[in-house]
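The values are calculated or read from the model by the stated rules, or taken from the named source; none is laboratory data. This one's a predicted model, so the numbers in the text were calculated from it and none came from an experiment. In this analysis, Cβ positions are derived from the backbone assuming ideal geometry, glycine residues included, and neighbour counts consider all displayed protein chains.
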Ligand SMILES: Nc1ncnc2c1ncn2[C@@H]1O[C@H](COP(=O)(O)OP(=O)(O)OP(=O)(O)O)[C@@H](O)[C@H]1O
Ligand SMILES: [Mg+2]
């Protein structure tokens with residue numbers, strides 16, 4: 001039975017559908033069999049991004065009405081990558097949510113990973129996906145409006161007993177100041193960073209043309225690696241490794257003074273000390289330590305234990 005992963009955000013338009021398609025493609029290229037589910041019932045976008053807009057004859061709702069169609073509604077996108085479209089006319093409020101859960105669980109038996117692209121908001125759609133998925137990617141942009149909404153979805157995860165989630169920062173402008181990453185994580189109350197994805201105008205073009213997964217910009221593609229690892233191993237990368245990789249792939253070295261400062265770097269090495277209990281205390285430029293966070297308790301942001 002494949003793992004079912006929900007991509008959620010609270011706020012709309014932050015990149016859930018785009019990331020679902022690109023992450024699915026990245027996983028399939030590593031040889032995993034992947035099913036992408038459009039969970040945005042009543043609207044539906046994933047078909048456009050996948051370039052299959054004109055080919056959707058049946059959707060998940062048809063399979064809920066007629067069980068025998070369960071396997072026929074799934075479309076092949078490319079080798080190892082499959083797609084279950086949502087209905088455009090039926091909303092989550094109007095359909096059998098238990099039946100949908102059964103359908104996806106049934107299909108998951110034939111895949112390594114099932115990625116569910118969620119609707120924005122915290123309505124029935126999100127509730128249903130909370131009941132369906134075991135792991136979540138919280139997609140946000142480095143903007144306070146988006147972060148506050150994402151924080152609410154993290155609360156939602158907790159209310160449903162889910163602890164296995166990572167935050168993905170999307171559409172990061174490398175030529176602009178952004179809030180300190182650790183301040184954002186603090187506001188989110190999140191432990192793990194899944195990845196940081198650069199803003200790239202070519203994403204918009206690829207989306208428009210339905211050619212995104214064939215023509216993914218290289219810096220964006222490279223930043224999918226930490227997410228692929230999180231999905232396949234359950235371990236998130238260290239956030240410093242993610243920052244370094246981001247800076248490498250977006251080639252912002254010339255702008256270090258702007259970008260690095262905003263991303264919270266450890267201070268000079270001589271103020272990094274090893275404590276007697278072997279825990280490394282690293283002070284960040286926003287002047288609190290990872291170790292203090294570890295000590296400060298159950299909701300600690302900087303747990304390094306593996307969530308399984
Ligand atoms: N990293 C990026 N760089 C540039 N544009 C992006 C990036 N990620 C997403 N976009 C663009 O932002 C727009 C919204 O993306 P997308 O549809 O994936 O968001 P969403 O969270 O699924 O929205 P909704 O909540 O409405 O379903 C799209 O036009 C997409 O091309
Ligand atoms: Mg969407």
In the stretch 33-53, what count of residues is obtained for those that are over 15 Å from residue 23 (Cβ atoms), near ligand 2 (Cβ under 9 Å from one of its atoms) and not in a loop (DSSP other than H, G, I, E, B)?
-> 0
Evaluate the stretch 86-95: report whether one residue or more is within 12 Å of ligand 2 (Cβ to nearest atom) and crowded, with 20+ Cβ neighbours inside 10 Å.
-> yes
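Which of the helices (runs of 4 or more DSSP H) found entirely inside the stretch 194-249 contain at least 2 residues meeting this: more than 18 Å from the chain's Cα centre (by Cα) and within 16 Å of ligand 2 (Cβ to nearest atom)?
Those helices (runs of 4 or more DSSP H) span 201-209.
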Flag if residue 2 is on the phi < 0 side of the Ramachandran plot, over 14 Å from the mean Cα position of the chain (by Cα) and either away from ligand 1 (no atom under 16 Å from the Cβ) or at pLDDT 95 or above (or both) | yes
Taking the stated definitions as given, is residue 64 touching a residue at least 12 places away in the same chain (Cβ under 8 Å), surrounded by 18 or more Cβ atoms within 10 Å (Cβ to Cβ) and in contact with a strand residue (DSSP E or B) (Cβ under 9 Å, 6 or more places away or on another chain)?
-> no
Filtering the stretch 90-110 down to residues that are within 21 Å of the chain's Cα centre (by Cα), touching a residue at least 40 places away in the same chain (Cβ under 8 Å) and within 11 Å of residue 64 (Cβ to Cβ) yields 104
In the stretch 132-155, is there at least one residue being surrounded by fewer than 18 Cβ atoms within 10 Å (Cβ to Cβ) and in contact with a helix residue (DSSP H, G or I) (Cβ under 7 Å, 6 or more places away or on another chain)?
-> no
Exactly one of 21, 63 is within 18 Å of the chain's Cα centre (by Cα) and either farther than 25 Å from residue 216 by Cβ or modelled with pLDDT of 95 or more (or both), and that residue is 21
Is there a residue being surrounded by fewer than 17 Cβ atoms within 10 Å (Cβ to Cβ), part of a loop (DSSP other than H, G, I, E, B) and more than 16 Å from ligand 2 (Cβ to nearest atom) anywhere in the stretch 8-28?
-> no
Go over the candidates 7, 36 one by one and state the one that is at pLDDT 95 or above, under 15 Å from residue 77 (Cβ atoms) and either within 18 Å of the chain's Cα centre (by Cα) or more than 15 Å from ligand 1 (Cβ to nearest atom) (or both).
-> 36
